[in-house]
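The values are calculated or read from the model by the stated rules, or taken from the named source; none is laboratory data. Owing to the predicted nature of the structure, the values given are computational and were not obtained by experimental measurement. Cβ coordinates were reconstructed from backbone atoms using ideal geometry, including for glycine residues, and neighbour counts include every protein chain displayed.
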Amino acid sequence: MAKVLVVYYSLGGTTKRVASALAKLTGADIEVVQEVRPRYRTPWGYFRCILDSLRKRHAPIEPLHHDPAAYDVVVVGTPVWADHISSPIRTLLADRMAGAKRIAAFCTLMGPKAEIAFAEITTLCGQPPNPLTSFREKDVESGSASEAIHALAREVSEDAA
Ligand SMILES: Cc1cc2nc3c(=O)[nH]c(=O)nc-3n(C[C@H](O)[C@H](O)[C@H](O)COP(=O)(O)O)c2cc1C
């Protein structure tokens, strides 16, 4: 059976919800990216997110418990911060994906457009992830993203087959 790993970072829980649903639907292993210096949902925490994004900073992260090279597909999930990807996922994509056979990715965001985040992910991966998609927070919360999450799970499983 094809092996799928879902790796994500989530500050507020939306990306975690999508990642958890995807892992359940695909039978994937799942891992949350842990920061060495965790941030919190405080004014300073949000300020750090924005500063990191504007400066395209990497955030030190703890070692992964799962080896991306051991999976057929690795699905990476990140929130969008100030149009960019989250800094822990910037570090993950730049430094921790060695040997990954295939990368799929999704962003969660408030607004309608994830183009800048998509471009950054594509650059860090060296090619566009397949698939590369996004979910709006309000749709995840209301449940109306459910069909799109199922579709992503099917694509990932097909990719992995
Ligand atoms: C610091 C910060 C910056 C954000 N910037 C954007 C943005 O530029 N565009 C957008 O659509 N949403 C933005 N958002 C909203 C998040 O992308 C959205 O709420 C996301 O689903 C959060 O994921 P999480 O709950 O997994 O952390 C921002 C949120 C935070 C906390």
Check on THR91, free of Cβ contacts under 8 Å to residues at least 60 places away in the same chain, surrounded by 20 or more Cβ atoms within 10 Å (Cβ to Cβ) and out of contact with any helix residue (DSSP H, G or I) (no Cβ under 8 Å at 6 or more places or on another chain)
yes
Scope region 29-39; condition within 13 Å of the ligand (Cβ to nearest atom) and within 17 Å of ARG96 (Cβ to Cβ); matching residues
VAL32, VAL33, GLU35
The residue that is farthest from ALA28 (Cα to Cα), considering only those in region 135-154 that are touching a residue at least 40 places away in the same chain (Cβ under 8 Å) and buried (at least 17 other Cβ atoms within 10 Å of the Cβ), is GLU137
Here are some residues: THR26, THR42. Which one is more than 11 Å from the ligand (Cβ to nearest atom) and among the hydroxyl-bearing types (Ser, Thr, Tyr)?
THR26
Just name the residue that is nearest to the chain's Cα centre (by Cα) out of those in region 1-13 that are part of a loop (DSSP other than H, G, I, E, B) and at pLDDT 95 or above.
TYR9
Filter region 68-102 for residues that are farther than 18 Å from ALA19 by Cβ and either within 8 Å of the ligand (Cβ to nearest atom) or of a type outside the set (A, V, I, L, M, F, W, C) (or both) and give the result.
ALA82, ASP83, HIS84, ASP95, GLY99, LYS101
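May I ask you to verify whether PRO43 is in contact (Cβ under 8 Å) with a residue 12 or more places away in the chain and either surrounded by fewer than 16 Cβ atoms within 10 Å (Cβ to Cβ) or under 14 Å from the mean Cα position of the chain (by Cα) (or both)?
On the way: in contact (Cβ under 8 Å) with a residue 12 or more places away in the chain: no; either surrounded by fewer than 16 Cβ atoms within 10 Å (Cβ to Cβ) or under 14 Å from the mean Cα position of the chain (by Cα) (or both): yes.
For PRO43, the condition - in contact (Cβ under 8 Å) with a residue 12 or more places away in the chain and either surrounded by fewer than 16 Cβ atoms within 10 Å (Cβ to Cβ) or under 14 Å from the mean Cα position of the chain (by Cα) (or both) - is not met.
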Kindly indicate whether ALA105 is more than 13 Å from the ligand (Cβ to nearest atom), modelled with pLDDT under 95, among the small types (Gly, Ala, Ser) and within 16 Å of GLU155 (Cβ to Cβ).
no
Can you name the residue in region 114-143 that is part of a helix (DSSP H, G or I) and more than 16 Å from the ligand (Cβ to nearest atom) and is also farthest from SER53 (Cα to Cα) among such residues?
CYS125
Check off (1) within 14 Å of the ligand (Cβ to nearest atom); (2) on the phi < 0 side of the Ramachandran plot; (3) surrounded by 14 or more Cβ atoms within 10 Å (Cβ to Cβ) for GLY111 and give me the number that stays unchecked.
(3)
